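Working notes, beginning with the structure itself.
The values are calculated or read from the model by the stated rules, or taken from the named source; none is laboratory data. Keep in mind it's a predicted model, so treat the numbers as computed, not measured. Note: ideal-geometry Cβ built from the backbone for every residue, glycine included; neighbour counts use all protein chains shown. The protein model used for the area step is the full one, side chains on, heavy atoms only, and it has no ligands, DNA or RNA in it. Shrake-Rupley method; radii C 1.70, N 1.55, O 1.52, S 1.80 Å.
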Amino acid sequence: MEEDLREILDAGLAAADPEDAVRRHLGLEGNEVLVSGERLSPGRIFVVAAGKAAGPMARAAAGILGGKIAGGLVVTKDGHEPGPEGLETLYASHPEPDERGLEAARRVAELAALLGEGDLLLALVSGGASALLADPAEGIGLGELKQLTSALLRSGASIDEINAVRKHVSTLKGGGLARLAAPARTVALLLSDVVGDDPSSIASGPTAPDPTTLQDARGVLRRHGIDPPASIARRLRDGPETPKPSDPVFERVTNLVIGGGLATARAASQEARALGYTPLLLSTYVTGESRAAALLHAAIVREALASENPAPPPLALVSGGETTVTVSGEGTGGPNQEFALALALALEGVDGWAALSVDTDGADGPTDAAGGLVDGETAARIRAAGLDPRDALARNDAHPALEAADALLITGPTGTNVNDLRVVLVRRR
């Protein structure tokens, strides 16, 4: 089943190809720029591409618009693909910001502020841009932003909660980029890595109105027991609000989602069917703790094997979304590796199944693994290597445990980023 899982993963990733997504929604006809049927006649076109898929997205745009592009910047993660010649590529750190991200955000803000009424800002945004554009608001230092980011990532907060805070301590997020670019026209093509594909959540919504408030941001920190640095506490108490949907700046802004997790999950389901499995696309809205999601998937596997409900094997359970981990230990891993380890323990000794769980960008958490590929013997292989899988799970140390069982799934940077993908294959015993 491992070979089948890898073929299904390849099909899912191909459906999230960022260059294809841009080409489907952007065109040029004479002097007019076509954006999903809308015709624009800008004087100058500037490109800002940010995120893990920024390089491929920018290359596709350059291939379409060619010499119409007057300038721009590409900001992406170390090891990811660069943008085209003619657009400078800047590399920065993810998931925690660094000095390079600070400089990248400064340069993006400077470019946006120079645009005039006849100009067009083409923003190509994909997941990861929040951290890559390290844009602390006035009075907040990079170290304080890093401290806040680390606390949020370890707290188990959802991506929506994290973004609500980020937007209110930043200059570009929460509609800040669109506000800086005004009165220029802004068109944002968004490759979604968030549940529900809300433009205000993708990369913390640099070109979208922000429905959250300072009070919401303070509530996130309170719920998760985070005591922020003094400068951030002041900003969340006394700072200005982000631009809301009624702000006139958004009358000249178009936000268009051009790809996301649903297309990936559907493509994975179609490939599973072609391989002889009955696909069940459970949901692309799966959130919450990775361990809890693993237990739910394990329960469905057990029932399918025992009573052929919800369908008889061979069966493919497909799900997407973004689970989280409340970190209580000092181990290494990520949400997908934790899901894989928890599933391996929940179905230990059960024959007739295999599963993968991956972050579609190829990097699960702060590791070099995309996720894990496990079966009913994985936990036993971990024990045979001298490690205790239950102890590893308790310490949030999934990476070395899966590595010991040769169960890490390593793809390298995939060039895209559309959230997590989980596939569980079930055959008769």
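Keeping all protein chains in place, calculate the accessible area per residue for the range 35-94 (probe 1.4 angstrom), answer in Å².
37 Å²
Of all beta bridges DSSP finds with both residues in the range 1-150, what is the antiparallel percent, to the nearest 5?
Within the range 1-150, antiparallel bridges account for around 30 percent of the total.
How far apart, in nanometres, would the label points at ALA299 and THR287 be if each is projected 7 angstrom from Cα along the Cα-to-Cβ direction?
Roughly 2.0 nm, to one decimal.
Calculate the length of the line joining the C-alpha centroid of the range 307-350 to that of the range 183-203, in whole Å.
The distance from the Cα centre of the range 307-350 to that of the range 183-203 comes to 29 Å.
At each listed q (0.07 Å⁻¹), what is the log10 of I(q)/I(0) that the Debye formula gives for the chain modelled as equal alpha-carbon point scatterers?
Cα-only, vacuum Debye calculation for the chain: -0.34.
With a Förster radius of 25 Å, plug the Cβ-Cβ distance of LEU28 and LEU114 into 1/(1 + (r/R0)^6) and report the FRET value to the nearest 0.05.
0.60
Give me the percent of accessible area attributable to carbon and sulfur for the range 242-316, probe 1.4 angstrom.
Here carbon and sulfur together make up 55 percent of the probe-accessible area.
Roughly speaking, to the nearest percent, how much of the range 319-365's 1.4 Å accessible area is carbon and sulfur?
That fraction is 43 percent.
Divide by every residue of the chain the summed helix terms, -39500 (n - 2.57) for each DSSP H run of at least 4, and state the resulting mean residue ellipticity at 222 nm, rounded to the nearest 500 deg cm²/dmol.
Helix-only estimate at 222 nm: -11500 deg cm²/dmol.
On the accessible surface of the range 1-109, probed at 1.4 Å, how many percent belong to carbon and sulfur atoms?
46 percent
For the range 130-181, which GluC sites (Glu not before Pro) are both in a DSSP coil and crowded by at most 13 other Cβ atoms within 10 Å?
GLU138
Mind ranking 196-207, 290-301, 32-43 by how tightly packed they are, going by the mean number of other C-beta atoms within 10 angstrom, highest first?
196-207, 290-301, 32-43
Mind ranking PHE250, PHE339 by accessible surface for me, highest first, 1.4 Å probe?
Result of the area sort, largest leading: PHE250, PHE339.
What net charge is computed for the residues neighbouring LEU236, neighbours being all others with C-beta under 13 Å from the C-beta of LEU236, Lys and Arg scored +1, Asp and Glu -1?
Here the count lands on +2.
With both partners inside the chain, how many of the DSSP beta bridges are antiparallel, as a percent to the nearest 5?
So the antiparallel bridges in the chain amount to around 45 percent.
Dividing the Cα convex hull volume of the range 148-248 by residue count, how many Å³ per residue is that?
98 Å³
Using a Gaussian network model on the chain with a 10 Å cutoff between Cα atoms, which of THR367, THR149, THR378 fluctuates the most?
Of the options given, THR367 has the highest mean-square fluctuation.
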